[in-house]
Amino acid sequence: MSECEAMVTIRAARLPDDKPVLIGFIDGLQRYEAEFESDRRLDAAYAEDQFAHLMKKAGAIFVAEFGATAVGWISVYVDDAPPYVIAAERRRAYVSELFVESSARGQGVGRALIAACEDWARAQGVCVIQIGHLSANARAAKVYEEAGYGPYVVLRRKRL
């Protein structure tokens with residue numbers, strides 16, 4: 001563990017107190033992903049819309065901090081895969097959001113947040129966890145591969 005990784009603290013989100021910082025992280029992720037994908041909403045209402053959507057999911061939200069400063073977050077929930085997946089792996093955890101402030105990237109924050117979700121999923125009795133990223137986001141791909149995540153499905157798109 002690097003010195004920076006030892007400094008990061010992961011805690012459960014405290015709502016509603018953490019809502020303003022989470023809204024900021026949602027906006028930050030959206031703006032970051034807009035560098036890779038032109039379909040991202042950048043309007044002022046987006047972050048609130050996404051926050052409301054996430055609150056409908058049963059799951060957990062974790063916040064990463066350096067001292068008392070929040071530098072990242074992650075959201076995870078449990079759902080069921082479609083019936084074509086074998087029963088033993090149908091119940092799965094899904095990491096729906098992960099964002100780390102640019103100043104904290106490369107310091108183990110993302111890995112620590114992912115580990116918190118994995119621990120949470122194990123506690124839910126889940127044996128499979130999934131995470132996605134935009135295909136052009138090489139940094140996310142590298143972090144996820146280093147954390148042991150392999151490709152599962154490729155979603156292709158054609159604009160009409």
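The values are calculated or read from the model by the stated rules, or taken from the named source; none is laboratory data. Computed from a predicted structure; not experimentally measured. Cβ placement follows ideal geometry from the backbone for every residue including glycine, while neighbour counts extend to all protein chains displayed.
Entry remark, region 128-139: residues being of a type in the set (G, A, S) and surrounded by 15 or more Cβ atoms within 10 Å (Cβ to Cβ) number 1 in total. Only one of the numbered conditions (1) at pLDDT 95 or above; (2) in a loop (DSSP other than H, G, I, E, B); (3) β-branched (V, I, T) is violated by I74, and that is (2).
When K142 is tested against (1) among the basic types (K, R); (2) buried (at least 16 other Cβ atoms within 10 Å of the Cβ); (3) modelled with pLDDT under 95, only condition (2) is not met. Residues in region 118-127 that are farther than 18 Å from R11 by Cα and either without any contact (Cβ under 8 Å) to a residue 40 or more places away in the chain or loosely packed, with under 13 Cβ neighbours inside 10 Å (or both): G125, C127. If you go through region 77-101 and pick out every residue that is closer than 30 Å to G28 by Cβ and either part of a loop (DSSP other than H, G, I, E, B) or without any contact (Cβ under 8 Å) to a residue 24 or more places away in the chain (or both), you end up with 4. Checking each residue in region 103-117 for being at negative phi, touching a residue at least 40 places away in the same chain (Cβ under 8 Å) and touching a helix residue (DSSP H, G or I) at 6+ places or on another chain (Cβ under 9 Å) picks out A104, Q107, V109, R111, A112, I114. What do you reckon, is Y46 touching a Ser or Thr at 6+ places or on another chain (Cβ under 9 Å) and farther than 14 Å from G110 by Cα? So Y46 fails the test. Note on region 60-71: residues that are assigned to a strand (DSSP E or B) and either charged (D, E, K, R) or at pLDDT below 95 (or both) total 1. Scanning region 37-54 for residues that are over 16 Å from the mean Cα position of the chain (by Cα), surrounded by 15 or more Cβ atoms within 10 Å (Cβ to Cβ) and either in a helix (DSSP H, G or I) or in contact (Cβ under 8 Å) with a residue 12 or more places away in the chain (or both) yields one hit, Y46. For R156, state whether it is surrounded by fewer than 17 Cβ atoms within 10 Å (Cβ to Cβ) and not in a helix (DSSP H, G or I). For R156, the condition - surrounded by fewer than 17 Cβ atoms within 10 Å (Cβ to Cβ) and not in a helix (DSSP H, G or I) - is met. Regarding region 10-25, can at least one residue be identified that is closer than 24 Å to A138 by Cα, surrounded by 12 or more Cβ atoms within 10 Å (Cβ to Cβ) and modelled with pLDDT under 95? Among the residues of region 10-25, not one is closer than 24 Å to A138 by Cα, surrounded by 12 or more Cβ atoms within 10 Å (Cβ to Cβ) and modelled with pLDDT under 95, which makes the answer no.
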